[in-house]
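Please read the structure below before turning to the comments.
Every read-out reported here was derived from the displayed coordinates using simple, explicitly stated rules and does not represent laboratory data. Quantities reported herein were computed from a predicted structural model and do not represent experimental measurements. All Cβ positions, even for glycine, are placed from backbone atoms using ideal geometry, and neighbour counts span all protein chains on display.
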Amino acid sequence: MNPVDVEQVPFEARVKKEYSARVCISIPPELLKEFDEVARREGYEERSKAFQSAVRRFVDQSRNDESQEARAAGTILVLFDHKRRSVENITRLIHTFGTVVVSTVHVHLPEPNYLYIMVVSGRVADIASLEQRLRNLNGVIQLKITHLTIEEAAKSLEARLPPSSPNMAGY
């Protein structure tokens, strides 16, 4: 590969290109050792990528704490006892939050357990409201939510759903 003479590259092309910023931080050696062990277990091949991921999570958590108006996308896992009329109650709630719940899957587990997996997208406040309502349903054994704050990606996802989609049909 031939080296590129930077002077021959138009100024606009050089200015628009994004580069990573180098930073220097101080961290206690034991914490760094633990971080490297976790990064290796999580499959990171480069420490920089692991730090970037950790910083993103830190920033996302801060956004969530600051603004219930922030947009997010993620999943809600609900383990429930189907013998306690939970299926009907969860289905009713999913329809109530139809603009937030993008997709669902339910899995039959050993009796009497079912697992609902919900893909959600919308305002953090709306997702949190759904989570709270699910936690209070009779028959819910366990619930776990994971979401990431997003900017325009959520709007793009909602724009791609057809208006006739059952999840977007004015619930």
Practice item. Could you tell me which residue of region 20-63 is surrounded by the most Cβ atoms within 10 Å (Cβ to Cβ), considering only residues that are basic (Lys, Arg) and within 23 Å of residue 148 (Cα to Cα)? Key: 63
Exercise for review: Could you run through region 100-135 and say how many residues are crowded, with 18+ Cβ neighbours inside 10 Å and either touching a residue at least 60 places away in the same chain (Cβ under 8 Å) or touching a Cys at 6+ places or on another chain (Cβ under 7 Å) (or both)?
Suggested key: 3
